[in-house]
Amino acid sequence: MTAPIAPREVERFRAAIGRHTGLQFDDARLGFLGEVLQRRLTRLGRPGEAYLHALEHDPPPGEIGALAREVTVAETYFFRNGDQFRALAERVLPERMQIERPGRTLSLLSAGCASGEEAYSLAITAREAIPDPSWEIRIRAVDLNPAGLEKAARGRYSAWALRDTPPAAQRKWFRPDGADQILDDAIRRAVRFEARNLAVEDPELWSPGTYDVVFCRNVLMYFAPERMVAAIGRIAQALAPGGFLFLGHAETLRGVSDDFHLCHTHETFYYQRKDGTEPIVRRPPISAGADRAVATIVEYDGAWVDAIRTATERVASLVPGVDARIATVPAWDPAPALDLLRHERFAEALSHVQARPSDQVADPDVLLLEAMLLTHGGQLADAEITCGKLLALDELNAGAHYVLALCREHAGDGIAAAEHDRVAAYLDPGFAMPRLHLGLMARRVGDREAAQRELTQALFLLEREDAARLLLFGGGFNRDTLVKLCDQALRDSGGRS
């Protein structure tokens, strides 16, 4: 009878898997890892201590691949997130074809290709977007899981795997064989599958400037933060200047890398590697009377930024003087401005920020504080200028995009306001305020479906939003007031909180 697995052994197993694969598992999955460890010990006929020692120091050949078969999720399908493939066909590939190069070759990488559906979707998209036979399209697909690679090589899929495949593409590139669909040989030959580990240094895979496009979707979200940063660094190195990176819809580079521009076309987000001439600022990873006010704002039919300014003026008239010591600190420090903001003394906070020394002028965090304080004071043109300076330093700053959304709405440009809100929400999915702003704008123009969708999400996020961020972006309203506002606006839009 096999001895039971001790918790200490499961912890060692989790750490070893993370070290070799980059994957992280929270405590809720320790039971699952214990089952995997037990299966490996039973299959190999080894005691736990001997197996774990070998795994930690010198894994047996094939063992990391066998573990990947056990712990990775390979469920995918053809043309998943089809908007990304439309962006690839209509913007990315045509742009890359215009780049001067020695030959007429485009190189694409599917990193974390699972059972091949993504890589083959790339091949079909490229073939249909570039019918000119003088162009050579090289598609490389890599994964750690040998079972997925074996399935990919067969090119045989269920009808369910083609559920998002356009009917014309199904007819052209697949033929039925019983309950399955067989991929056309020309598409199969267009992709080269390899077993590779994305979590380790691999000079040949990540040779500098190799790829025009990299798809690495729903892979890095399972990596430990430091391994994610390292993997993105390798991808950035391997992309040609101006090359493109597609991540999963729930993944962003905010706080991870400054090597990319954010792109938004075809209703999807993706990234373009900077061309190497822009200065890059490296930043550490991101860590992360109410009832009357609600009634007034819900009934108000103007811009949300006007409601913020009205609230600013209201609280300024109601709040008595605060201890003057917070405004008389000898050496410049952002903390007094935050204290003034906390006490809703917005004009004084702005004066303090704008009096900062020259070495603090280009600090991204201080610029964001300045932009929001300018917005509080109704100085929208100056707020936009400040946001422009901030985005020149940190293009993926969600807060700057939210402030720009407020400014654009006030200027009557609702389309641009909504675009900035969507960018902010994408860059930071936990950021409540752009969702609230989108919902209020949709409600004002009578788009009940969009208002209900955005306000429902905003309500969920507001109850979990970081208190410091509410202080900065809440427009003089506390969490309870914003929740009540959101709830009432949702009800008025026909939704249920």
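Every read-out reported here was derived from the displayed coordinates using simple, explicitly stated rules and does not represent laboratory data. This structure is a prediction, so every number in the text was calculated from the model and none was measured. Note: ideal-geometry Cβ built from the backbone for every residue, glycine included; neighbour counts use all protein chains shown.
Data table
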| item | result |
| --- | --- |
| Estimated distance in nm for a label pair at ALA186 and ARG448, the labels positioned 7 Å out from Cα along Cα-to-Cβ | 5.0 nm |
| Stretchable slack from GLN24 to ASP83, in nm (0.36 nm times residue separation minus alpha-carbon distance) | 18.3 nm |
| Rg over Rh [alpha-carbon atoms, Kirkwood Rh] for the stretch 389-441 | 0.95 |
| Residue-count net charge about HIS266 - beta-carbon cut-off 12 Å; Lys, Arg +1, Asp, Glu -1 | -1 |
| Computed FRET value (nearest 0.05) for ASP333 with GLU226, which takes r as the C-beta separation and R₀ as 41 Å | 0.85 |
| Beta bridge orientation in the chain: antiparallel %, DSSP, nearest 5 | 45 percent |
| Proximal charge balance of GLU11 [Cβ under 14 Å; K/R count +1, D/E count -1] | 0 |
| All lysines inside 30 Å of LYS151 as judged from Cα atoms, apart from same-chain residues fewer than 8 positions distant | LYS172 |
| Most to least packed among 28-34, 121-127 [average Cβ atoms within 10 Å] | 121-127, 28-34 |
| Vicinal HN-Hα couplings computed from phi for the stretch 150-157 (Karplus, 6.51 cos²θ - 1.76 cosθ + 1.60; Hz; Gly/Pro x) | 5, 5, 4, 5, 6, x, 10, 9 |
| GLU194 paired with GLN98, simple spin-label distance in nm, labels 7 Å along Cα-to-beta-carbon | 3.1 nm |
| Point-charge dipole on Cβ atoms (K/R +1, D/E -1) for the chain, about Cα centre, debye to 20 | 1380 debye |
| Globularity ratio of the stretch 106-234, using Cα Rg and 2.2 N^0.38 Å | 1.10 |
| Residues of type lysines that LYS274 reaches as a straight line, Cα spacing below 29 Å, ignoring anything fewer than 8 places off in the same chain | LYS389 |
| The chain: Cα Rg divided by the 2.2 N^0.38 Å rule of thumb | 1.13 |
| Per-peptide average of other Cβ atoms within 10 Å, ordering 144-156, 239-251 highest first | 239-251, 144-156 |
| Euclidean distance of C-alpha centroids, the stretch 128-193 and the stretch 100-120, integer Å | 13 Å |
| Spin-label model distance (nm) - GLU267 vs ARG163, 7 Å beyond Cα toward Cβ | 1.8 nm |
| Electrostatic dipole magnitude of the stretch 82-273 [Cβ: Lys, Arg +1; Asp, Glu -1; Cα centre; debye, to 20] | 360 debye |
| Where N is the number of residues in the stretch 1-122, Cα Rg divided by 2.2 N^0.38 Å | 1.51 |
| Kirkwood Rh, angstrom, the stretch 7-71 [1 / mean 1/r, Cα pairs] | 11.7 Å |
